[in-house]
Amino acid sequence: MKLNYTFLFIIPLALILIMDQMFLELAAPDNPDQQGMILSLVVKAMAVVSIAYCVLFYQRMSNYMRFAFFLLMLYIGALVFESKYVYGSFMVYPHVFVKVLQFAYTYFVYTYYKRNYHLKTSHVTWFILLGFCLNVLLINPHTLSLSAFTNHERGVYSTSVYMLVVPFLYFLSNYFYKGKFMSLFWSLFVLFLIFFFQHRTVWISTAFVLLVYYFLIQFKTDKPINFVAKLLPIGTVLGILGVVTSGFILSIHPEIIEKVQESFSDIENFESQGTGGWRYQQWMSYLPYIQDHFLTGMRFEGFELPIQFYRDDLDAPVFEDGNGHHFHSFYVEIFFYTGLIGFILYLLISLYPIIKAFRSRVLTINQIMLVAFVSSGFVFGISYVLPVFFYGVLGWAIAAVEVEKVMYPSFIHESGQRMRARRHQARHALQSL
């Protein structure tokens, strides 16, 4: 019996994925201190490994990625010099360094898969889904109840639920292009999980992903989907489930409808209701410092700055001083610590696969899924700091738009060659799922 070892190629990406809270909780249940120690150790180790690997295999990168990586190393070098010159230590506040060191994860994943592009989306999907289900069943079983839903006891972190968007896109694409109704079931199951755990930012991000996904499917493939025909079974299933749910569950628990209405009301009135109002107050508290240090950010001075976000009921800081500032927005964090320069370093890698995809004539399904997902980072980052795993998926997306295009280019010769090339690309798109 011949074993298939392709699952081993998930390891580089998995090293980034396991830094998410749902895997940390599995490693050290009910022990936040140990989880923090594990995360700190892995973050530092992977930062060193990522930079060393990228330097060692620098030639694998495209010219653009070499330039972007050089700028990142130049900025990190400037931070080290400032830290040593001003504070007498090469890395006085690791909390500040991490804000840009995590960008190196993208380059590490990209550089590895640029040469070893054998990663299967199915392996990533089941790795994420298995980790999520184990976390819910073993660590947070109390969240699986109607009372937890109505009382907004989410239990599972927003970043973990956000990670589910990748399996959702995989199963949805499997249904659209392979016609597997089991994939339809799994896509609806994952979508239900995203809805059930009530992270409204993830709801909005998922809707944005679907919008980008639809656009790319319609305009960047040679075989656009007939969504009416494909979505009719989904509509039928959802309709039947809706009738059953309203007849048996909602009549017994009308508070479910009230809770859903409350969640959408919080989205509409984010400045004054729910956690959106809390975030808005935090943004306003730090806006003057961002404006005063717009270009370069506050860097180490920002770490030393006393907490500016106060609780109205206690007239006390929301967080403890001396541990850095914990923002609920990627944009506030990046501009506060590193300014426009740090944000440009992020844009160099986050916009690259999106622009490259939109400039391509034809995309594979795998490219469409990844580009749709990474584009949602601009939405998710409004309310949360981008999770570490996002930078790993971003590196995978960059490798996909470069390697798959190199391996399967758009042919511009006579029609017979073009038709054969399109069939070959379509077969590869299905195989990558």
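Points to keep in mind about this one:
- Tally of residues being of a type in the set (Ser, Thr, Tyr) and at pLDDT below 85 across the stretch 286-325: 1
- Taking every residue in the stretch 351-372 that is part of a loop (DSSP other than H, G, I, E, B) and pairing it with any residue that is buried (at least 18 other Cβ atoms within 10 Å of the Cβ) and basic (Lys, Arg), at least 6 positions away or on another chain, the pairs with Cβ-Cβ distances below 6 Å are 363/220.
- Residues (aliphatic (A, V, I, L, M) and not in a helix (DSSP H, G or I)) located in the stretch 1-46: 1, 3, 18, 19, 28
- Looking only at the stretch 100-123, and only at residues there that are in contact with a Ser or Thr (Cβ under 7 Å, 6 or more places away or on another chain) and under 29 Å from residue 300 (Cβ atoms), the one that is surrounded by the fewest Cβ atoms within 10 Å (Cβ to Cβ): 100
- Any hit, the stretch 32-42, residues being surrounded by fewer than 21 Cβ atoms within 10 Å (Cβ to Cβ), among the polar types (S, T, N, Q) and at pLDDT 90 or above: yes
- Filter pass, residue 217 being at pLDDT 70 or above, under 26 Å from residue 344 (Cα atoms) and in contact with a helix residue (DSSP H, G or I) (Cβ under 8 Å, 6 or more places away or on another chain): no
- Against the conditions (1) at negative phi; (2) open to solvent by less than 30 Å² (accessible area, probe 1.4 Å), residue 198 satisfies every one except (1).
- Residue identified as open to solvent by less than 20 Å² (accessible area, probe 1.4 Å) and not polar (S, T, N, Q) among 70, 97: 97
The values are calculated or read from the model by the stated rules, or taken from the named source; none is laboratory data. Everything numeric here is computed off the predicted structure, so don't read it as measured data. Neighbour counts are summed over all protein chains in view; Cβ atoms, including those assigned to glycine, are modelled from backbone coordinates with ideal geometry. We work out accessible area using only protein heavy atoms, side chains counted, and drop any ligands, DNA or RNA first. Shrake-Rupley method; radii C 1.70, N 1.55, O 1.52, S 1.80 Å.
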